[in-house]
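What follows is a single structure, written as structure tokens, with notes after it.
The values are calculated or read from the model by the stated rules, or taken from the named source; none is laboratory data. Not measured: the values here are computed from a predicted model. With ideal geometry, Cβ positions are generated from the backbone for all residues, glycine too; neighbour counts draw on all protein chains shown. With ligands, DNA and RNA removed, areas are computed over all heavy atoms of the protein, side chains included. Shrake-Rupley method; radii C 1.70, N 1.55, O 1.52, S 1.80 Å.
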Amino acid sequence: MRKALIVGIDYYEHADRLNGCVNDAFAVRQVMERHGDGTKNFDVMLKTASDATTAITKKELKDLIADLFDDETEVALLYFSGHGYIDSNCGYLITSDCQT
């Protein structure tokens, strides 16, 4: 089995709003779901945050990522479009509820 988690976050409570991340996520889903001949490619879970009602929390994203990698899937793909941060030790994915 091949599965993908595709996340696009435009809405942030305490950071600059982005434009295009949700659209990017929908475009990636379209490419990942089917091969060019129409046969199934990936089993896709899509999560997007375009406003306060669809905001994605840190806990929610952590749970979704844990579920993605929690079994014997042949291929698991994570695609994230949104704010992020890299320091000298590691990188971070920023969710809608980020405070700093």
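Here are the numbers for this structure:
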quantity: Answer residue from the stretch 1-15, given it is open to solvent by 30 Å² or more (accessible area, probe 1.4 Å) and either without any contact (Cβ under 8 Å) to a residue 12 or more places away in the chain or hydrophobic (A, V, I, L, M, F, W, C) (or both) and is nearest to Tyr85 (Cα to Cα) among those; calculated: Ala15
quantity: Cβ pairs under 9 Å, 6+ apart, first in the stretch 61-90 and in contact (Cβ under 8 Å) with a residue 12 or more places away in the chain, second polar (S, T, N, Q); calculated: Leu61/Thr95; Ser81/Asn23; Gly82/Thr95; Gly82/Ser96; His83/Thr95
quantity: Residue within the stretch 40-47 that is of a type in the set (Asp, Glu), assigned to a strand (DSSP E or B), in contact with an Asp or Glu (Cβ under 9 Å, 6 or more places away or on another chain) and on the phi < 0 side of the Ramachandran plot present; calculated: yes
quantity: Odd one out for Arg29, checked against (1) more than 23 Å from Tyr92 (Cα to Cα); (2) among the basic types (Lys, Arg); (3) surrounded by 12 or more Cβ atoms within 10 Å (Cβ to Cβ); calculated: (1)
quantity: Filter result (in a helix (DSSP H, G or I), surrounded by 14 or more Cβ atoms within 10 Å (Cβ to Cβ) and among the small types (Gly, Ala, Ser)) within the stretch 64-100; calculated: none
quantity: Residue match in the stretch 34-54 (condition: out of contact with any strand residue (DSSP E or B) (no Cβ under 9 Å at 6 or more places or on another chain), of a type in the set (A, V, I, L, M), surrounded by fewer than 17 Cβ atoms within 10 Å (Cβ to Cβ) and under 24 Å from Asp71 (Cβ atoms)); calculated: no
quantity: Filter pass, Asn23 being in contact with a Gly (Cβ under 9 Å, 6 or more places away or on another chain), loosely packed, with under 15 Cβ neighbours inside 10 Å and either free of Cβ contacts under 8 Å to residues at least 40 places away in the same chain or basic (Lys, Arg) (or both); calculated: yes
quantity: Residues located in the stretch 46-95, provided they are among the polar types (S, T, N, Q) and in contact with a helix residue (DSSP H, G or I) (Cβ under 8 Å, 6 or more places away or on another chain); calculated: Thr48, Ser50, Ser81, Thr95
